[in-house]
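Heads up, the thing below is written out as structure tokens.
The values are calculated or read from the model by the stated rules, or taken from the named source; none is laboratory data. Here the structure is a predicted model, which means the values were calculated and not measured. Positions of Cβ are backbone-derived with ideal geometry, glycine not excepted, and every protein chain shown enters the neighbour counts.
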């Protein structure tokens, strides 16, 4: 995260049964119900760190609630499940160290579930090739796979 975000934004993330799960992300209010995201999403798709979103206050949720992305930051998000969970010196930690060496950053929801931020300066295809080469279990969250390969989705 950067600086001190002062708000949380609610994201409703549909599950496979049609219900919605809730994810909240830290954000910085910038006016007119717009917020700059200050962490990478673990469950929501189609948005990344530093994107500006429109999230008016929703009385039912009791906080700002995501409606749409206003401005894309150029960052991309992938998520990785590592096994074994990350611990000092193991293969999972080495995988993350290599991503950091490429210029990425990451946050962990648990020792085994990681959200990776890929800044605009890092070649997305290079990151993909590395993850494929090491046989990592990962998904492209932003841009979503469907938007990159609509015929295959």
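Points worth noting:
- Residues that are part of a helix (DSSP H, G or I) and surrounded by 16 or more Cβ atoms within 10 Å (Cβ to Cβ) within the stretch 66-100 comprise 92, 95, 96, 99, listed in sequence order.
- Boolean, residue 122 is in a helix (DSSP H, G or I) and in contact with a helix residue (DSSP H, G or I) (Cβ under 7 Å, 6 or more places away or on another chain): no
- On inspection, residue 35 does not qualify as under 19 Å from residue 118 (Cβ atoms) and surrounded by 15 or more Cβ atoms within 10 Å (Cβ to Cβ).
- Exactly one residue out of 48, 115 is modelled with pLDDT of 95 or more, surrounded by 15 or more Cβ atoms within 10 Å (Cβ to Cβ), in contact with a strand residue (DSSP E or B) (Cβ under 7 Å, 6 or more places away or on another chain) and part of a loop (DSSP other than H, G, I, E, B), and it is 48.
- Residue in the stretch 86-94 that is farther than 18 Å from residue 139 by Cβ and under 17 Å from the mean Cα position of the chain (by Cα) present: no
- Selected residue (criterion: nearest to the chain's Cα centre (by Cα)) from residues of the stretch 51-65 that are under 24 Å from residue 104 (Cβ atoms) and either surrounded by 20 or more Cβ atoms within 10 Å (Cβ to Cβ) or in the same structural domain as residue 108 (by TED's automatic domain parsing) (or both): 51
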